[in-house]
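In what follows, a single structure is set out as structure tokens and then discussed.
The values are calculated or read from the model by the stated rules, or taken from the named source; none is laboratory data. Not measured: the values here are computed from a predicted model. Cβ coordinates were reconstructed from backbone atoms using ideal geometry, including for glycine residues, and neighbour counts include every protein chain displayed.
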Amino acid sequence: MESSEDSIKLYYNTERKKLQMPEYGRNVFKMVEQLKEIPDRAKRSEQARAVVKVMETLNPQAHTLDDFEHKLWDHLFMIAGYDLDIDAPFPKPLPEEREVPPQIIPLKKKPIRANHYGRNIESIIDLIASEQEGEVRRAMIRSLAIYMRQQYLIWNKDSVADETIFADIEKLSDGRIQVPDDLELTKLNMDSNFSRPGLNLNQNQNRNKKKGSRKGRK
């Protein structure tokens, strides 16, 4: 006599047929497979409507789609592998309509000219270079220089000369941006603590003043 353990067979999804629409689950797939075996076309079409109702219940978010009922019937044919002979309220979809390859999104392969400033810096430079001469362009250059100085200090060293940042702007812009001769960043950077993260220059200066005052009292 065959034992109960011998009569039980475990099935793994990796051993089963791949689902065309996994969001509906394997039970709906089995229902569609049984649907194909109904010999009478009218009865088969009637049962197909019942299966679509089940699919609608299992996938309530379909109601948020335009023409959701049409999409559910399309999904039914997809689950059936497009091999389903029924009277449907909508035209049967074609397999090639689903197999259209996705549109390739072009990726930027242009190398970054200055890694420590990042790729977006080039887009900002292009924007400033297209701006007309005037106070707006000058303010944009100043803001760009402050940002680049901050990025430079994060990745390189504790201090950097304004001239180095200005030279990088002119170099990265291929000469399209000329930094005004009277533009200065040093004072602004000292006040804004544009230094390596964790190093507060104002705090250090205050500490030194306090130390000096304590020595004077002794």
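Within the set Arg149, Arg176, Arg137, the sole residue that is of a type in the set (Lys, Arg), assigned to a helix (DSSP H, G or I) and either surrounded by fewer than 17 Cβ atoms within 10 Å (Cβ to Cβ) or in contact with a strand residue (DSSP E or B) (Cβ under 8 Å, 6 or more places away or on another chain) (or both) turns out to be Arg137. Pairs are defined by a Cβ separation below 9 Å, a sequence spacing of at least 6 or placement on different chains, a first member in segment 165-186 that is without any contact (Cβ under 8 Å) to a residue 12 or more places away in the chain, and a second member that is in a loop (DSSP other than H, G, I, E, B); the pairs so defined are Ala167/Val179; Glu170/Arg176; Glu170/Ile177; Glu170/Gln178; Glu170/Val179; Lys171/Arg113; Lys171/Ala114.
All of (1) surrounded by fewer than 11 Cβ atoms within 10 Å (Cβ to Cβ); (2) modelled with pLDDT of 90 or more; (3) under 29 Å from the mean Cα position of the chain (by Cα) hold for Glu37 with one exception: (3).
Among residues of segment 52-110 being among the aromatic types (Phe, Trp, Tyr) and part of a helix (DSSP H, G or I), the one that is modelled with the lowest pLDDT is Phe68. Within segment 20-32, restricting attention to residues that are in a helix (DSSP H, G or I) and in contact (Cβ under 8 Å) with a residue 40 or more places away in the chain, the residue that is surrounded by the fewest Cβ atoms within 10 Å (Cβ to Cβ) is Phe29.
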